[in-house]
Amino acid sequence: MRAVVSGQVAVVGYRVSRESPKSEPVPLTIDGKPPSLFLYVAHTLVMDEWDRFLANSRSTYSLQIGTGDSAQTLLTYDYVRDPPNEYPAAHLHVYGSTDEFDQLASLRSIRAKKTSDLHIPVGGRRFRPSLEDLIEFCILEELVESRSTWADVLTESRDLYRKRQLSATVRRSPDQAAAVLQNNGWTVRPPA
């Protein structure tokens, strides 16, 4: 992964460059074996409202079979910090078809005509799934091969992600954080 900065925006992805700021799918393989699954990862980062921290304004994680025009997407996690519509900021799209959904769509006049049109909420702005969650899913469901150390590596990385999310939550809810600490015996004083 690398980042490209343009003005006030940073794009993070696989093989991004100033000339080509669009991420490419990452082949999920070890030991140089031909990949059967690819992971598309893209983040758009901006400064937060206090100009102190980088904030994720948009991210996408997709599992794909193949690349380019022939790629078939299995699922996509999308996060849009300030969505331009009523859909949840963090949501999941599942690709494929089921007879049950097709039956529901025929019985009801709904916007979604296929399962991938559905925006399934997944945790909101702070508690959305992490990249580590998606990688763990791929390993546990045996969609990819892994090394023996995978669990330790993912646990360490996921813990760091969650601590950053917790820090961001505390920054935006200091009164709630102070109340929780006080309820646990801490002495908390507001800033002067």
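Here are a few things to note about the model shown:
- From Pro129, Pro121, residue being within 25 Å of Gln64 (Cβ to Cβ) and modelled with pLDDT of 95 or more: Pro121
- Leading residue by the ranking (nearest to Glu86 (Cα to Cα)) among those in the stretch 121-142 that are surrounded by 14 or more Cβ atoms within 10 Å (Cβ to Cβ) and of a type in the set (A, V, I, L, M): Val122
The rows are residues; the columns are (1) among the aromatic types (Phe, Trp, Tyr); (2) closer than 30 Å to Ser148 by Cβ; (3) modelled with pLDDT of 95 or more; (4) in contact with a strand residue (DSSP E or B) (Cβ under 9 Å, 6 or more places away or on another chain).
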position	(1), (2), (3), (4)
Val5	no, no, no, yes
Val9	no, no, no, yes
Pro27	no, yes, yes, yes
Ala42	no, yes, yes, yes
Leu63	no, yes, yes, yes
Ser70	no, no, no, no
Val80	no, no, yes, yes
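- Qualifying residue in the stretch 96-117 (condition: at pLDDT 90 or above, outside any helix (DSSP H, G or I), of a type outside the set (Gly, Ala, Ser) and surrounded by 12 or more Cβ atoms within 10 Å (Cβ to Cβ)): no
- Among the candidates Val46, Val5, Val11, residue that is outside any loop (DSSP other than H, G, I, E, B), in contact with a Pro (Cβ under 6 Å, 6 or more places away or on another chain), within 30 Å of Ala168 (Cβ to Cβ) and among the aliphatic types (A, V, I, L, M): Val11
- Pairs, first in contact (Cβ under 8 Å) with a residue 60 or more places away in the chain in the stretch 154-182, second β-branched (Val, Ile, Thr), C-beta under 8 Å, six or more apart: none
- Lone qualifier among Tyr61, Tyr77 - being in a strand (DSSP E or B), under 26 Å from Gln8 (Cα atoms) and touching a His at 6+ places or on another chain (Cβ under 8 Å): Tyr77
- Enumeration of residues in the stretch 16-32 that are more than 18 Å from the chain's Cα centre (by Cα), surrounded by fewer than 16 Cβ atoms within 10 Å (Cβ to Cβ) and farther than 18 Å from Ile65 by Cα: Ser17, Arg18, Glu19, Ser20, Asp31
- Residues located in the stretch 124-150, provided they are farther than 19 Å from Leu63 by Cα, out of contact with any helix residue (DSSP H, G or I) (no Cβ under 6 Å at 6 or more places or on another chain) and touching a residue at least 12 places away in the same chain (Cβ under 8 Å): Gly124, Arg125, Phe127, Arg147
The values are calculated or read from the model by the stated rules, or taken from the named source; none is laboratory data. Not measured: the values here are computed from a predicted model. Note: ideal-geometry Cβ built from the backbone for every residue, glycine included; neighbour counts use all protein chains shown.
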